[in-house]
Amino acid sequence: NAGVTQTPKFQVLKTGQSMTLQCAQDMNHEYMSWYRQDPGMGLRLIHYSVGAGITDQGEVPNGYNVSRSTTEDFPLRLLSAAPSQTSVYFCASSEDRAINYGYTFGSGTRLTVV
Amino acid sequence: SQQGEEDPQALSIQEGENATMNCSYKTSINNLQWYRQNSGRGLVHLILIRSNEREKHSGRLRVTLDTSKKSSSLLITASRAADTASYFCATVLPYGNNRLAFGKGNQVVVIP
């Protein structure tokens, strides 16, 4: 099925560990982004990419790295996990930077940092 | 900072009633979008209204946009239990790579 696939769905990390959240889309969308969702905070943009090889920071980029080597994949790396990074992470993609079409979201990764 | 702010935050209605949610924003926009999120799931795009549009319909959904007041409303008519979800408005700015900025969301509970 076409869409945005995120892995893993759940993850528990210890403080200081690193990990990569995977995101892949098969719709040939150029625009991809990562959001985190925390209770009462809505969704906040972490990083985004307007195409392969191009990434930029969103509202809350500290502690996260991204890269975009292909159109399909947009992994999010946590460099040294902190309890403040406990959250639900969503990857999303858009055909045209959401000017005419909405975003397609993955089902999320629920991350707990202990 | 959050661009969209929904009001009210939580709404509980009986099945068959209409549900209305409002969203306000601070700056000029390219378009405004509404998304639904069922518990434990990702967001699903519902409807997009451009800054030069005033009203848009999609099935049981009606969205209005008032750019002079920088506000939008989402109306769900004849609600069903399956409409129980959180609803988010999001704005696309006309500059800055057209990033999507979300409000904090409205929790809607439809009681069967």
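Here A:Gln57 clears all of (1) under 29 Å from B:Leu46 (Cβ atoms); (2) touching a Leu at 6+ places or on another chain (Cβ under 7 Å); (3) without any contact (Cβ under 8 Å) to a residue 60 or more places away in the chain except the condition numbered (2). Of the strands (runs of 3 or more DSSP E) lying entirely inside the stretch B:51-105, those containing at least 1 residues that are more than 30 Å from A:Glu59 (Cα to Cα) are B:55-58, B:61-66, B:71-76.
When the residues of the stretch B:31-66 are filtered to those that are of a type in the set (Ser, Thr, Tyr) and at pLDDT below 95, which remaining residue is farthest from the chain's Cα centre (by Cα)? Only one residue tops the list, namely B:Ser39.
Okay, residues lined up against (1) closer than 21 Å to B:Ala101 by Cβ; (2) in contact (Cβ under 8 Å) with a residue 12 or more places away in the chain; (3) more than 14 Å from chain B (Cβ to nearest Cβ); (4) open to solvent by less than 10 Å² (accessible area, probe 1.4 Å):
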{"site": "A:Val12", "(1), (2), (3), (4)": "no, yes, yes, no"}
{"site": "A:Arg36", "(1), (2), (3), (4)": "yes, yes, no, no"}
{"site": "A:Val66", "(1), (2), (3), (4)": "yes, yes, yes, no"}
{"site": "A:Leu78", "(1), (2), (3), (4)": "no, yes, yes, yes"}
{"site": "A:Ile99", "(1), (2), (3), (4)": "yes, no, no, no"}
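Tallying residues that are under 21 Å from B:Gln37 (Cβ atoms) and surrounded by fewer than 13 Cβ atoms within 10 Å (Cβ to Cβ) within the stretch A:14-34 yields 0. Looking across the stretch B:74-112, the residues that are farther than 23 Å from B:Arg41 by Cα and either within 14 Å of chain A (Cβ to nearest Cβ) or at pLDDT below 95 (or both) come down to B:Leu93, B:Pro94, B:Tyr95, B:Gly96, B:Asn97, B:Asn98.
The values are calculated or read from the model by the stated rules, or taken from the named source; none is laboratory data. Note that the coordinates shown come from a computational prediction; the quantities given were computed from them, not determined experimentally. Because the Cβ atoms are built from the backbone with ideal geometry, glycine has one as well, and the counts that use them run over all protein chains shown. SASA here: full protein model, heavy atoms, side chains in, ligands and nucleic acids out. Shrake-Rupley method; radii C 1.70, N 1.55, O 1.52, S 1.80 Å.
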